[in-house]
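First up is the structure itself, then whatever we jot down about it.
What follows draws every value from the coordinates through simple rules; no lab data is involved. Model, not experiment: these values are computed from the prediction. When we count neighbours, we look across all protein chains shown, and the Cβ atoms used for this are built from the backbone with ideal geometry, even at glycine.
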Amino acid sequence: GASAAGAAVDGSESDSDDSDDSDDDDDDEAALLAELEKIKRERAEERERKQREDESEALESRREEVMRGNPLLAAEGGGGDFNVARRWDDDVVFRNQTRNEPKRQKRFINDTIRSDFHRRFLDKYMK
């Protein structure tokens, strides 16, 4: 009989353990959700702070770039060099077009009718 009573006691404890476990699970779940919300809030604050830092850094770098790009403001700082470092044709689209074309050899023919100039002239104006 003692083992049956022990089993009954164990059984009742297991019933109370199940309810305690579900209470503990609810408590754990609530604690985890609270922790998750806290982490999300911290990440959002961190992201917001980083975004503000990036914006202020970008604004500062833009202001610095404007100061450096203006030769008159740079002249106040002691720099008197107003020369532009670029060539005048750097922004031209069609550059070095004839570099790859073969050079035509000029040849001398001592006959005015058969010379290259005369042939080009006839091709251009007589046809």
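Data for the structure
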quantity	calculated
R0 of 22 Å, Cβ-Cβ distance GLU64-ARG41: FRET efficiency to nearest 0.05	0.05
Potential extension, ASP25-GLU101 segment - 0.36 nm per residue separation minus Cα distance	19.1 nm
Set of region 99-127 residues, backbone N closer than 19 Å to the point 7 Å along the Cα-Cβ line of ASP89	99-104
